[in-house]
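First comes the structure, then the notes that go with it.
The values are calculated or read from the model by the stated rules, or taken from the named source; none is laboratory data. Owing to the predicted nature of the structure, the values given are computational and were not obtained by experimental measurement. Heads up, the Cβs are rebuilt from the backbone with ideal geometry, glycines too, and the neighbour counts pull from every protein chain shown.
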Amino acid sequence: MKTRTLGRTGIEVSEIGFGAWGLGATMWRGVADDDAIAAVRAAVEAGVTFIDTALAYGDGHSEQLIAKARTRAVVATKIPPLDGAWPAAAGSMTARATSNTVSWADFKATA
């Protein structure tokens, strides 16, 4: 799997990422939780080291399933501004506090 640097973070990630929108189970109902977890694990086993998700994907359900997969990957998640204005005004405290976050995580399931 080819890798590249993620923006200006210095973090190396796979060029192919795993989009977790479909795991959320609210806007898309095509996958059971066990199948979702298996898909995340299979992607990582195939060399994927970048997973994209968001709080809006099933009100955090996608993120919970990624955690239950208990795998190691770079996870990017989007968090909406506290005031609900989207996108946040450039340079605002809201924009700085709630911009896309990227973290190297060794997830532990919470549920």
Residues that are out of contact with any helix residue (DSSP H, G or I) (no Cβ under 8 Å at 6 or more places or on another chain) and crowded, with 21+ Cβ neighbours inside 10 Å, drawn from the range 27-63: Ala43, Thr49, Phe50, Glu63
Members of the range 16-40 found to be at pLDDT 90 or above and closer than 12 Å to Val75 by Cα, listed by number: Gly17, Phe18, Val40
Breaking point among (1) part of a strand (DSSP E or B); (2) in contact with a His (Cβ under 8 Å, 6 or more places away or on another chain), for Ala25: (1)
Filtered residues of the range 1-21 (kept if surrounded by fewer than 17 Cβ atoms within 10 Å (Cβ to Cβ) and under 14 Å from Ser62 (Cβ atoms)): Gly19, Trp21
Any hit, the range 41-55, residues being assigned to a loop (DSSP other than H, G, I, E, B), in contact (Cβ under 8 Å) with a residue 40 or more places away in the chain and within 14 Å of Ala76 (Cβ to Cβ): yes
